[in-house]
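The values are calculated or read from the model by the stated rules, or taken from the named source; none is laboratory data. No experiment lies behind these values; they were computed from the predicted model shown. Surface areas here come from the heavy atoms of the whole protein model, side chains and all, with no ligands, DNA or RNA. Shrake-Rupley method; radii C 1.70, N 1.55, O 1.52, S 1.80 Å.
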Amino acid sequence: MRLPTLAPTLAKILLAATLVALGAHNASVQAADAPVKIQALRGGTPLTQDNPPQGGHQERDRAPMDRDFVQQPPLIPHAIHGYQITKNFNKCMDCHAWQKTKNTGATKVSVTHFKSREGTELDNISPRRYFCTQCHVPQTDAKPLVENSFQRARGLQ
Ligand code: HEC
Ligand code: HEC
């Protein structure tokens, strides 16, 4: 007896639930399709223009900081203002090349830096290790921007 009255109500509930589910699905599809806004360091400056230089903080020279894991590119313990790395000249190699280190007291570039992409051992810095600041950055004792639980590798503690 109650079935005929219940059926339309059930149908309504089911319809409503389906509509809500469809709506939610649409919304998530829209969110995924929405263009991602990336805030680049250059801001909105077009590539053909330069940003005015910012007053960057440069640490003074001091003893190299300990590494956090053995494969870490060591941090640069000295200022690198004005050290150019161009197609024809690499200021870093002026001191860090093997034949220069005797006079400069700089650490020799790692032997791993002489291996080409194909694994061939070269007699000079490999193109894939040429742009030093791609991996090596000046050290700083700035506090972490985001709190985190990172810990030095156990083998180096
Ligand atoms: C005028 C010489 C000179 C130039 C140019 C120079 N360095 Fe150095 N660098 C040194 C010296 C000397 C040390 C050793 C400092 C020490 O051990 O206290 C050093 C140390 C380092 C270290 C630390 C190595 C370690 O064992 O922890 C890195 C990394 C480094 N330099 C990278 C660079 C990069 C990258 C450039 C170019 C942007 C560069 N250096 C340019 C002289 C130089
Ligand atoms: C693609 C990343 C990368 C680039 C580019 C790179 N390095 Fe390194 N560098 C490393 C890593 C990783 C290490 C530590 C592990 C190792 O020795 O390979 C290192 C180690 C070093 C060391 C320490 C060597 C030692 O015996 O402790 C020096 C000095 C150094 N690099 C200088 C340079 C210089 C100068 C350049 C540019 C000519 C350069 N690196 C380019 C990643 C890089």
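Derived scalar couplings between HN and Hα for segment 86-94 equal 10, 4, 9, 9, 10, 4, 4, 5, 4 Hz in order, rounded to whole Hz, by the Karplus curve 6.51 cos²θ - 1.76 cosθ + 1.60 (θ = phi - 60°), x for Gly and Pro. Rounded to the nearest Hz, the phi-derived 3J(HN,Hα) couplings of segment 130-136 under the Karplus curve 6.51 cos²θ - 1.76 cosθ + 1.60 (θ = phi - 60°) are 6, 8, 3, 6, 5, 10, 9, where x marks glycine and proline.
As a length-normalised measure over Cα pairs under 8 Å and 6 or more apart, the relative contact order of segment 35-157 settles at 26 percent.
Once backbone amide H atoms are built at 1.01 Å from N, Trp98 has Val109 as its partners under 5 Å, excluding neighbours fewer than 5 places away on the same chain. Residues whose amide H falls under 5 Å from that of Ile76, counting only those 5 or more places apart or on a different chain, are Val137, Gln139, with hydrogens built in the peptide plane.
Can you give the accessible area of Val70, probe radius 1.4 Å, in Å² rounded to 10? Around 100 Å² of this residue is reachable by solvent. Taking amide hydrogens as placed 1.01 Å from N in the peptide plane, the amide H of Lys115 sits under 5 Å from those of Leu122, Ser126, each at least 5 positions away in sequence or on another chain.
Of the residues Ser149, Ser110, the one with the largest accessible area comes first in the ranking Ser149, Ser110, computed with a 1.4 Å probe on protein heavy atoms.
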